Amino acid sequence: MLFERTTRRTPLEAGRALEAAAKKNGMGVLTIHNLKETMAKKGVELSGECLIYEVCNPVQAKRVLEANPSISTALPCRIAIVEEGNQTKISTIKPTALLALYGNPELKPVAEEVERAIFAMISEAAGD
């Protein structure tokens, strides 16, 4: 259910590479959540970087939302970039696994297409 790659890139380097890979793979970055900064503002210290990228392909999102508006609870797709020791991990929940929860098997090809793009983005961000 989880797709993950490890890289020696810093979280910020991996993030920049992910943004470039998103454009290359037909996706857009909607927002970036910096959880370390957000938690610090709440008085909670997080030891490592944790960046959450929300990405979307609007054409594919429209297709799934028109088939089942409840799928909006799983959108946009999220990619996490987390610092663990001297490594950075880039991960996502597989879109095919998420979509399977909604009971719309006709949307499996859409999920597979989105999944291929996200896996390519993560691999490029990791430097694979």
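A quick yes/no check of all residues on (1) open to solvent by 50 Å² or more (accessible area, probe 1.4 Å); (2) without any contact (Cβ under 8 Å) to a residue 60 or more places away in the chain; (3) of a type in the set (D, E, K, R):
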| site | (1), (2), (3) |
| --- | --- |
| Thr6 | yes, no, no |
| Val55 | no, no, no |
| Ile71 | no, yes, no |
| Val82 | no, no, no |
| Gly103 | yes, yes, no |
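Would you confirm, using the coordinates I've provided, whether Gly43 is part of a loop (DSSP other than H, G, I, E, B) and either touching a residue at least 60 places away in the same chain (Cβ under 8 Å) or open to solvent by less than 30 Å² (accessible area, probe 1.4 Å) (or both)?
So Gly43 fails the test.
Residues that are in a loop (DSSP other than H, G, I, E, B), at pLDDT below 95 and not aromatic (Phe, Trp, Tyr): does region 48-67 have at least one?
yes
Under 16 Å from Lys24 (Cβ atoms), part of a helix (DSSP H, G or I), out of contact with any Ser or Thr (no Cβ under 9 Å at 6 or more places or on another chain) and of a type in the set (A, V, I, L, M), is that true of Ala117?
Criteria met by Ala117.
Filter region 8-38 down to residues that are aliphatic (A, V, I, L, M) and free of Cβ contacts under 8 Å to residues at least 40 places away in the same chain, then give me how many there are.
4
Here is a yes/no grid of residues against (1) in contact with a Lys or Arg (Cβ under 7 Å, 6 or more places away or on another chain); (2) farther than 12 Å from Ile81 by Cβ:
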site	(1), (2)
Phe3	yes, yes
Thr10	no, no
Ala14	no, no
Glu19	no, no
Thr31	no, yes
Gly43	no, yes
Val59	no, yes
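The values are calculated or read from the model by the stated rules, or taken from the named source; none is laboratory data. Just so we're clear, the structure is a prediction, and the values are computed from it rather than from any experiment. Cβ sites come from the backbone with ideal geometry, for glycine too, and all protein chains shown count toward neighbours. Just the protein is used for accessible areas: all its heavy atoms, side chains included, with ligands, DNA and RNA removed. Shrake-Rupley method; radii C 1.70, N 1.55, O 1.52, S 1.80 Å.
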